[in-house]
Amino acid sequence: MKDVLLLARTHLTTAIRERITLFWFLVFPVFVLVLLTLIFSRVGEEGEIHFDIALVNRDGGSSASLSLSIVDAFRAMGAALPDGKEPLFTVYEPAASDDVDRFLEDELTALRRGRRAAVIVIPQGLSGAVANAMTPAAATPPPSVAVYMSGTSVASEMAAEIVGQVLAEFDRQLLAQSGRLDPSAELAAETIWLGQAGEGTRYVDFLLPGIILMAFFTNGLFGVPGTILFNRDRKILRRYWVTPLSIGRFLAGFSIGHLGLCALQFALLFLLGRFAFGATVSFAHPTAFLTLLFSALTFLAFGFLIASLARTANAGMATANILNMPMMFLSGMFFPIAGLPAFLLAIVYANPVSYLANALRASVGVESPLFSPALLVGVPLGWIALSVAVAIRKLKWDVGR
C-alpha cells in the first residue's frame, strides 16, 4: 500500500509543479469562473437589465388619449431609478422638428445593426378605433401596435416580450373599463422558483457546479492521457516495470493522485465562488459528493480511452483537443441546453458530461433533473465500461511491448 500512496503523491506533486498543468487544471478554471461571473452574474437583478428602444407615435390629435397613455407608460419605464441604477428602457422618440418617416427608417436600421432592442410604432387613429371597437355596434377591430424586433438578438426577443406584456396590460384595462372582462374567468398563474429557498437561482450558483465539472473534465481529458503517453514515449514507465510494481497497483496510485488533484480543484473553485462572489450553493449532501466522485471517475476512464486510442503523446493531445470543445460546450456546463437545434441535441444526449452536469446541479438544488435517474447514472456508467474495455485491450504501457 505504501508504494500506491507514494505514486499518488508523486502524480499530484508533479501536476502542481508543472507550469502548463498548473495553468490548465487550476488557473484556467478560476479564470473562466471569474470572467463569466463578472459578465453575467448581475443579469436579472433590478436595474441591471437595460434595453434601448425607439417609440414612434403616429396617433396625434386631441382624442389620442390611449396612445398618449402608452407613450407615458414607456417614458415612465425609461425614467431614472433610485441609487443611480439604470432604468429598464432608454426610449428614443422623434423630435417635433424631425421627419417621422426618416426617423423610423433610421431606427429600424439601428435595430438591424443591434443598436436598438425594439422599435414600437403606434398607428394613426388607434385611440379612435379602440373607442369605436368598445361599442356594441363595432364591426372592425382596431389597428395593431407594431413592435419590430431582431430575430438574431436575444436582447431584442426579451425586450419585445416585455413590450408585449405592457401592451397586454393596456388591453386588459380597456376590457375591464368596457365591462367585457370577467376577473373570475381569468387564467391564474403562479411563479414557482426551482432552486434556493424560494428565490431565483443566481448565475454564480448555476455556474459554479459547471466550472467544477469543467476542471475535472480537463484534468481527465488532458492530464490522464498526457501523463501516461508522455511517460511511455520517454520510457519513464519502463522503469516502473523493472520493479515488483504491477500495472494494477500503478493504476491504483495514479487514480488516487488524480482524485487528489480533483479535490484540490474543487476546494479552490468552491472557496473562490463562496467568498469572492457570494455563491450560496452547498455541496454538503451525500448525493452531491457521490456525483462529484462519479464525475471524476468518468473523466478518469475517458482519459484512459484517449490514451489507448492514441499511438503517441502528440496524437493523444490532438484527440483531446478535438473532443474538448464539443463535449464541454454541448453539455450545459455554462448555459442551459434547452432550445438547441435537433442535430446539436443528438450530441448533447450522447455526451456523458450533459448527464453529469445536470445530476450535479440537481443534487445541489439549482436545476431540476432533465433526465431520468437511470439515464443520469447509466449513460456515464456506459462510457466508463466502454473506456475500460477499450483500455484493457488497446492501451500499451511500454514502447517495447
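Helices (runs of 4 or more DSSP H) wholly in the range 257-372 with at least 3 residues that are in contact (Cβ under 8 Å) with a residue 40 or more places away in the chain - which ones?
By residue number, 286-309, 313-329, 352-364.
Assuming THR287 fulfils every condition listed in (1) at pLDDT below 90; (2) touching a Ser or Thr at 6+ places or on another chain (Cβ under 6 Å); (3) surrounded by fewer than 20 Cβ atoms within 10 Å (Cβ to Cβ) apart from one, which condition is it?
(1)
Output yes when any residue across the range 294-308 is surrounded by fewer than 15 Cβ atoms within 10 Å (Cβ to Cβ) and not charged (D, E, K, R), and no when none is.
Taking every residue of the range 294-308 in turn, none turns out to be surrounded by fewer than 15 Cβ atoms within 10 Å (Cβ to Cβ) and not charged (D, E, K, R).
Within the range 107-127, can you find the residues that are of a type in the set (A, V, I, L, M) and in a loop (DSSP other than H, G, I, E, B)?
Matches in the range 107-127: ALA117 only.
Under 8 Å by Cβ, and 6 or more places apart or on different chains, what pairs join a residue from the range 154-173 that is surrounded by 15 or more Cβ atoms within 10 Å (Cβ to Cβ) with one that is among the polar types (S, T, N, Q) and part of a helix (DSSP H, G or I)?
Partner pairs satisfying both residue conditions: PHE170/SER69.
Results for (1) surrounded by fewer than 17 Cβ atoms within 10 Å (Cβ to Cβ); (2) assigned by TED's automatic domain parsing to the domain that holds SER255; (3) within 24 Å of the chain's Cα centre (by Cα), shown as yes or no for each residue.
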| residue | (1), (2), (3) |
| --- | --- |
| GLY332 | no, yes, yes |
| ILE347 | yes, yes, yes |
| TYR355 | no, yes, yes |
| SER372 | yes, yes, yes |
| VAL388 | yes, yes, no |
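Need the failing condition index for ALA8 against (1) under 35 Å from the mean Cα position of the chain (by Cα); (2) surrounded by fewer than 19 Cβ atoms within 10 Å (Cβ to Cβ); (3) modelled with pLDDT of 80 or more, just the number.
Of the numbered conditions (1) under 35 Å from the mean Cα position of the chain (by Cα); (2) surrounded by fewer than 19 Cβ atoms within 10 Å (Cβ to Cβ); (3) modelled with pLDDT of 80 or more, the odd one out for ALA8 is (2).
The rows are residues; the columns are (1) closer than 20 Å to ARG17 by Cβ; (2) at pLDDT 90 or above; (3) of a type in the set (D, E, K, R); (4) in the same structural domain as SER282 (by TED's automatic domain parsing).
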{"site": "LEU194", "(1), (2), (3), (4)": "no, no, no, no"}
{"site": "GLY210", "(1), (2), (3), (4)": "no, yes, no, yes"}
{"site": "ALA215", "(1), (2), (3), (4)": "yes, yes, no, yes"}
{"site": "THR218", "(1), (2), (3), (4)": "yes, yes, no, yes"}
{"site": "PRO225", "(1), (2), (3), (4)": "yes, yes, no, yes"}
{"site": "ASN231", "(1), (2), (3), (4)": "yes, no, no, yes"}
{"site": "ARG239", "(1), (2), (3), (4)": "yes, no, yes, yes"}
{"site": "LEU245", "(1), (2), (3), (4)": "no, no, no, yes"}
{"site": "HIS258", "(1), (2), (3), (4)": "yes, yes, no, yes"}
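Would it be correct to say that ALA359 is surrounded by fewer than 21 Cβ atoms within 10 Å (Cβ to Cβ) and either of a type in the set (Gly, Ala, Ser) or assigned by TED's automatic domain parsing to the domain that holds LEU293 (or both)?
In short, no.
Is it fair to say GLU107 is on the phi < 0 side of the Ramachandran plot and buried (at least 19 other Cβ atoms within 10 Å of the Cβ)?
Yes.
Search the range 137-153 for residues being surrounded by 12 or more Cβ atoms within 10 Å (Cβ to Cβ) and in contact with a helix residue (DSSP H, G or I) (Cβ under 8 Å, 6 or more places away or on another chain), and hand back the single one that is modelled with the lowest pLDDT.
ALA138
Here is a list of conditions, (1) out of contact with any His (no Cβ under 6 Å at 6 or more places or on another chain); (2) part of a helix (DSSP H, G or I); (3) hydrophobic (A, V, I, L, M, F, W, C), and LEU245 meets all of them except one; can you say which number that is?
All conditions pass for LEU245, except number (2).
The values are calculated or read from the model by the stated rules, or taken from the named source; none is laboratory data. The structure presented is a predicted model; accordingly, all values stated were derived computationally and were not measured. Ideal geometry is used to build each Cβ from the backbone, glycine not excepted, and the neighbour counts take in all protein chains shown.
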